[in-house]
Amino acid sequence: MKNFYKLIINFFDSYPFCGKFLRFCMVGLASAIISFSILFMFTEYLHLWYVISAVLSFIFSAIFNFMANKFWSFKNNLRGRAAYNQGVKFIIVYVSGMIINTFLIYTFTEFVGLDYRLSWVIATGVVTFWNFGFTHFWTFSC
């Protein structure tokens, strides 16, 4: 088991981009759990339209996502004006991701006939790559 652990550590030391992507995906998984939980609760229990629930859930999970990605995934400790600029970039990336996400959920649900929960899974998978690319190369400029 020690050798396997060392192999994994050596891999991520040799390919830091992969480590960032793995941490990004772990944060994304936690964000997805937060987002889906809110989507489900708002839609099923508060009886909000699933599109409104999707937007609200995306906003709540994006707040967590920014903090976790900034300090853990990308190990970025900039403060002050630089952190403010990162926040603005993050908002631009995630609002565009939210628009894509919401469009895909609506399209798959209304025009393809999928359940809104399955539409959410597909849309979230697509938007993950969008968000990682722009977060990595633009927001935190790694």
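A quick yes/no check of all residues on (1) among the hydroxyl-bearing types (Ser, Thr, Tyr); (2) modelled with pLDDT under 95; (3) within 19 Å of Leu56 (Cβ to Cβ); (4) not in a helix (DSSP H, G or I):
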position	(1), (2), (3), (4)
Tyr84	yes, yes, no, no
Ile99	no, yes, yes, no
Leu104	no, no, yes, no
Thr107	yes, no, no, no
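Applying the criterion of being under 17 Å from Val95 (Cβ atoms) and buried (at least 17 other Cβ atoms within 10 Å of the Cβ) to the residues of region 29-52, the residue that is nearest to the chain's Cα centre (by Cα) is Ser31.
Considering region 89-128, the residues that are over 25 Å from Leu22 (Cβ atoms) and of a type in the set (Gly, Ala, Ser) include one that is farthest from the chain's Cα centre (by Cα), namely Gly113. Within region 53-81, the set of residues being surrounded by fewer than 20 Cβ atoms within 10 Å (Cβ to Cβ), aliphatic (A, V, I, L, M) and either touching a residue at least 60 places away in the same chain (Cβ under 8 Å) or not in a helix (DSSP H, G or I) (or both) comprises Leu78 only.
If I filter region 37-59 down to residues being of a type in the set (Phe, Trp, Tyr) and at pLDDT 90 or above, which single residue comes out as farthest from Ile100 (Cα to Cα)?
Just the residues of region 37-59 that are of a type in the set (Phe, Trp, Tyr), to begin with: 40, 42, 45, 49-50, 58.
Applying the additional criterion that residues be at pLDDT 90 or above yields 40, 42, 45, 49-50.
Numbers: Phe40: 19, Phe42: 20, Tyr45: 25, Trp49: 18, Tyr50: 15 Å.
Residue satisfying both the conditions and the ranking: Tyr45.
Checked against (1) under 29 Å from Met41 (Cα atoms); (2) touching a Leu at 6+ places or on another chain (Cβ under 9 Å), Ile91 meets all criteria but (2).
Going by the conditions given, is Ala83 within 21 Å of Ser119 (Cβ to Cβ) and out of contact with any strand residue (DSSP E or B) (no Cβ under 8 Å at 6 or more places or on another chain)? Reasoning before the result, please.
Values: within 21 Å of Ser119 (Cβ to Cβ): no; out of contact with any strand residue (DSSP E or B) (no Cβ under 8 Å at 6 or more places or on another chain): yes.
So Ala83 does not fit the description; no.
Entry remark, region 117-142: residues being assigned to a loop (DSSP other than H, G, I, E, B) and more than 20 Å from Met26 (Cβ to Cβ) number 1 in total.
The values are calculated or read from the model by the stated rules, or taken from the named source; none is laboratory data. Predicted model, so just to flag it, every value in this text is computed and none were measured. Counting neighbours? That spans all protein chains shown, and the Cβs are built from the backbone with ideal geometry, glycine included.
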